[in-house]
Amino acid sequence: MTGPSPEKVMQIITGGWATSILGAAAQHGVFTALEGNPATAESVAKKTGISSRGAQALLDGLTGLGLLTLSEGRYQNTPDASLYLVKGKPSYLGAMAEVYLQDFPTWQKLPEAAKTGLPSAPDDSEVVDNPFWHVLVPAIAALSFPVAQMAAERLGIAKASAVSWLDVGGGSGVWSAVWLGVNKQATGTQLDWPNVNKIGRGFVASFGVADRFQTIDGDFHTTDFGAAKYDFAIYAHIAHMEAPADNIAVFRKFRKALKPGGTLVVNDFILNDDRTGHPFAMLFASQMLVMTKSGFTYRQSDYRQWLGEAGFKSVDIVPTPTPSTLVFAS
Ligand SMILES: C[S@@+](CC[C@H](N)C(=O)[O-])C[C@H]1O[C@@H](n2cnc3c(N)ncnc32)[C@H](O)[C@@H]1O
């Protein structure tokens, strides 16, 4: 046979296996059991309460995926597994693997969604206080952590005295947890669904800063954000699930809610203007296709145009070490 090997295509074909193996291992706490404690398959089975056959299959798969190493019959976490897959660490992404595995029935209908242009799942963005968010928001908090830190540094939050912000669709409250942690005089307000706000209050309390965190229960499409009230505003991982006109409408409300000179921070999966970009952001367009009626992966130029229409004069777009991008508008 001439030409490239089938390796790349085979890797993609079996991509669902990788998600499943990782999601199952995370659910059964395999990496947590192995942390600091290299062990045999039999011992992993005992510690996690799964079958010996199941443990061996998962351990083979995880070693094949490069998340574990095997030496003299004992399995050990790689540095990636240790940082991102051990429960209890703030960088934990295992819950995200579990959520993505649960999404498989929706993804199976991608061919149909591609044909019709319509979602194969009920549109999460249209269901009031959808239980989907209750599972998703704690699971994705780890991804937002370094981005919230990076934005705090760029905006000088630590030395900004008694500033305030509004985090719309704040979810776990991770942005407020990070920003309140670096500035002891600041106050953070989050607007989200009631049950998500409850999760957010618990998360922020675990950082010891809940006394300066408040929540507003409501739908951000219909809730007033106030006028000239906040120094900063945050809109993280929301714009992708909204139609362009809805994003412009929300950006207008942000402009009004910010004090003169205030800054809106948008964090999302954003493509270059020629529709290239981070591979995750490029795959994410299909996630929005199957999950939402009008969400998408938008381009930098879309954000610039919408923010301009909403009255923001200056827009800076900055990449991050994660798949997401930061937009600063003032
Ligand atoms: C993808 S999560 C993002 C959470 C957080 N901003 C982050 O970046 O980690 C989307 C959030 O938007 C909230 N949300 C979705 N639609 C909403 C609406 N119409 N009104 C208020 N909140 C909404 C969800 O409850 C969820 O917390």
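Coordinate-derived values only; no laboratory data. Just so you know, these numbers come straight off a predicted model, no measurement behind them. When we count neighbours, we look across all protein chains shown, and the Cβ atoms used for this are built from the backbone with ideal geometry, even at glycine.
The charge dipole of the chain, taken about its Cα centre with unit charges on the Cβ of Lys, Arg, Asp and Glu (plus for the first two, minus for the last two), comes to roughly 580 debye. For the chain, the relative contact order is 13 percent, taking Cα pairs closer than 8 Å that sit 6 or more residues apart in sequence and dividing their mean separation by the residue count. For K159, a cut-off of 26 angstrom between C-alpha atoms picks up these lysines, skipping any fewer than 8 places away in its own chain: K184, K229, K256, K259, K313.
For the chain, state what percent of all Cα-Cα pairs lands in each successive 10 Å bin, counting from 0 Å until the bin that includes the largest distance. Result returned by the calculation: 5, 23, 31, 24, 12, 4, 0. Of the GluC sites (Glu not before Pro) in region 35-117, the ones in a loop by DSSP (not H, G, I, E or B) with at most 14 other beta carbons within 10 Å are E72. With respect to the cross-link table entries K8/K109; K89/K109; K89/K253; K46/K89, which display a Cα-Cα separation exceeding 28 Å? In this structure, K89/K109; K89/K253 lie more than 28 Å apart at Cα. Taking the inverse of the mean reciprocal distance over all distinct Cα pairs, the Kirkwood hydrodynamic radius of region 197-330 comes to 15.8 Å. What is the antiparallel percent of DSSP beta bridges lying wholly in the chain, to the nearest 5? Beta bridges within the chain, antiparallel portion: roughly 45 percent.
Can you tell me the dipole magnitude for region 111-183 around its Cα centre, using point charges on the Cβ only (Lys, Arg +1; Asp, Glu -1), in Debye to the nearest 20? Using Cβ point charges on Lys, Arg, Asp and Glu, region 111-183 gives about 380 debye. Ranking T320, L271, L68 by how far each Cα lies toward the positive end of the dipole of the chain (charges on Cβ) leaves T320 at the top.
Within the same chain, lysines fewer than 8 places from K115 are excluded, and of the rest, those with a Cα less than 19 Å from its Cα are K293.
Helical runs assigned H by DSSP (4 residues or longer) give the chain a calculated mean residue ellipticity at 222 nm of -14000 deg cm²/dmol, each run adding -39500 (n - 2.57) before division by the residue total. Straight-distance candidates among the lysines for linking to K47, with alpha-carbon spacing under 19 Å and chain neighbours fewer than 8 residues away dropped: K87.
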